[in-house]
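Quick notes on the structure that follows.
The values are calculated or read from the model by the stated rules, or taken from the named source; none is laboratory data. Quick caveat: nothing in here was measured; it's all calculated off a predicted structure. Positions of Cβ are backbone-derived with ideal geometry, glycine not excepted, and every protein chain shown enters the neighbour counts. The area values use the complete protein model at the heavy-atom level, side chains included, leaving out ligands, DNA and RNA. Shrake-Rupley method; radii C 1.70, N 1.55, O 1.52, S 1.80 Å.
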Amino acid sequence: MVHRMCISLRFPILKRTGGGYVVMLCCCMLLLAAPVYGQSTLLQKAVGETSKDAASPAPAPAPSLDEELARLDTAQIEAKDQYARAQAAEESGAPLQLGATPEEIAEQTRQYRFLVRSLERHKDALRKLKEVRAAEADLDAQIAAWQGFSDPKQATIDLADSLRDSSHAAKLESEALEAEESITSHFAAASQAALATAEQKARKAAEALDSVQDPAQKNRLQWLKDLADAEVLATRAALALTQAERQTAQESIENKRKYIQFVQRKISIASTLAVLTQPVLDEKLATIAADRKTLQKELDKAAGADESAQAALEQARAELKSARETPPAEGETPELYTQRISMLESSVEACKARADTARYVVESSQIDQDLLSAQEKIWRNRFAVAQNPSYDSLANARDMITSMSKIIEQWKPYSETNLQLALTLVANQRQQLASGAAGASTKTQAEDTLKAYEERAAKMTQMSNRMKDVEQLLRRWQSELEERTLNVSLWERLRSSAVKIARHVETIWDFELFTVEENGAKRSITASKVAYALLLLFAGLLFARRISALIRRVVAQRFHLDEGRAAPIQTSVYYLLILVAVFFALNTVKIPLTVFAFFGGALAIGVGFGAQNLINNFISGLLMLIERPIKVGDIISVDGVHGRISSIGARCSQVRRFDGIEILVPNSSFLEKNVTNWTLSDRIIRFQVSVGVAYGSPVREVSKLMMLVLEEHGKILQNPEPLVLFEDFGDNALAFTAYYWLELAESTDSRVVASDIRFRIDKLFREAGISIAYPQRDIHIDTMGPLDVRIVRTGGQASQEESAADDYLRLP
């Protein structure tokens, strides 16, 4: 069950909301002094007292932790007694006489065992809560007593960094406690649900017991009720436990938050007093220089040891190879020969371990030197920022911290993996020596191997610690930068942001896209040149559009030309001015025409190899964009495709059909084929809905009702006005047609509007008693001869009597 899982996994669960649950639990635990069987009356009494206390308008104050612990001690004694009785009953098999099964007997024992464990853990939670409250009281006393640094000299940079480390550790602990409290919240709901289920089960068992009079059945039901009551007690104990543990977690979180605020208060004062001065920086750099000298000595020593180890390894391998290839000496027994080979193998393994260790020492020493250089760089930049804490310097320092943190994160897997490998090798070698696997002849080599592995592990540990020191220094500096950033004025932040944006824009503006060669010299094509060229080209397009339109009007008025003849003049002038604008823009921004040489050559090759369709579609797209015979959003019909233009590309246009399917239509199709543009001039389209009514219907009333439908619909335009016409006298109906106009838009679907009209017409016709006609057919039967009626039995032949009956039933 859920509450048992919570206890066994030792997850902290619910928050204790007060002493009421503990009082209820203790009252329930006092009942356990009764025998294992027949405790339902006492349980009901305890539940009633609990409910009465809960309903009291003036509840008693919550007991202290010591009182709760004392009550839990008493309850635990009673629970242990009940557990012992349940065990004895299980061993004796007495409940079998009451109709209990072995599984039910074992379940009762488990419930009481679970109850005892829950009470013990509840006591542990209360003791921990007591410690948390004592620590909180001590922290409150420290906060109240602290009045700042009595001596400003105490607030050194090392003290500030130590406080930052304490704050960081407290934040990590707080995050862990919050995660723990979140898990308890999840199990709280499960525990509450388990309690509700157990109480419901107990109520049902009590009702079943009250409704039975048969003694044999009553014993069985009494046992089940006792088992259900035991489960309720155990579940309530688990619920009280989870409440205490959750309250402990929450008070611990609040205590950590209060501690973090107190430390931040100290840091804010210490940061003001502890200024990174030149003497402090010199002291830090001197320490780093001393460490670098020590590392250099270690590196020189490791390099020499590496060469010696490699030479010794090669010699050992050569001796082993020679020994394996040479037969045993005269008088040498096989045992001595095998022992000699084993010693040489152990010697090779020891030499290899020393060589590997020397190589790792060299590599880790080099990494340590890099880490020392990183520490030196951090301190120098930290000093520079402290001397000039402008927003720009703070931003640059944050970027530096981010960059260095990424490098450290990349090196951490290498350090951790090698450290773990070295520790594993040490543990395996120690185990081999302890087990005596290495003989007396190879023990010395095995010990040398262990020393090499231990040296390797020590060096890996040193490098890992150095990496942690750099991480800690970066974290301290990051915290200091955050504190300094809070003191920067808003104007300084805005100015720095503007400068940064301007730098990014300048970088993008001067970005070199590509280079072209002209007259033996290379010219760079930058983003700024392209932007200026596009701007001039755009201005040229506007100028060409206005001038060409003006020339068309002047020519049309002067020479009395109609629109059909004046339009080609405007188009020709427009294209000519565009060409002039392109050359003017390129010449102004110093972009040579040779930039188009590659494109021109590629175009010629493409046409030569059959790219006529591609070029045709490209040019058609340009013409469509310039002349705008269609535009995005137009509803068109071309080559059997009906839909709305969603985009016009360089090669093809995208048409979205009304069923949602996207169709790609080549641009040349719009110029070479017949195209119906439903929205070329406007978006107003006429639609119609036809209906046939039965002969004899009031035609004026029909027309009036249909017109009413058209006038009521909100999307039907009233200008042009809708119209209802009596179209024809049909074979089976009087034909009427409603004509109406719609403005096509994204939110308007003509099919939906037509459907609305039909629904409304059907409703109004039904209310007016007008019938919508349907086709009628007359069936003519030839009665010149008799109708042959037979009764045919499937799956067999008819008898003679059935045949006679068929003849008798034959109709004239």
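Carbon-plus-sulfur fraction of the accessible area of segment 185-243, 1.4 Å probe, in percent?
Details: 1380 of 2490 Å².
Within segment 185-243, the accessible surface is 55 percent carbon and sulfur.
Of the solvent-accessible surface of segment 379-503, computed with a 1.4 Å probe and all protein chains present, 53% belongs to carbon and sulfur. Within the same chain, aspartates and glutamates fewer than 8 places from Lys673 are excluded, and of the rest, those with a Cα less than 16 Å from its Cα are Asp639. Across segment 425-431, coupling constants 3J(HN,Hα) worked out from phi with the 6.51/-1.76/1.60 Karplus curve, θ = phi - 60°, read 5, 4, 5, 5, 5, 5, 5 Hz, and Gly and Pro carry x. The order of the peptides 117-125, 152-160 by mean Cβ neighbours within 10 Å, most packed first, is 117-125, 152-160. Rolling a 1.4 Å probe across all protein chains gives Val362 an accessible area of roughly 20 Å².
Protein-only accessible surface at a 1.4 angstrom probe places the residues Lys266, Lys451, Lys500 in the order Lys451, Lys500, Lys266, largest first. Put simply, when 234-246, 295-307 are sorted by average Cβ atoms within 10 angstrom per residue, most first, you get 234-246, 295-307.
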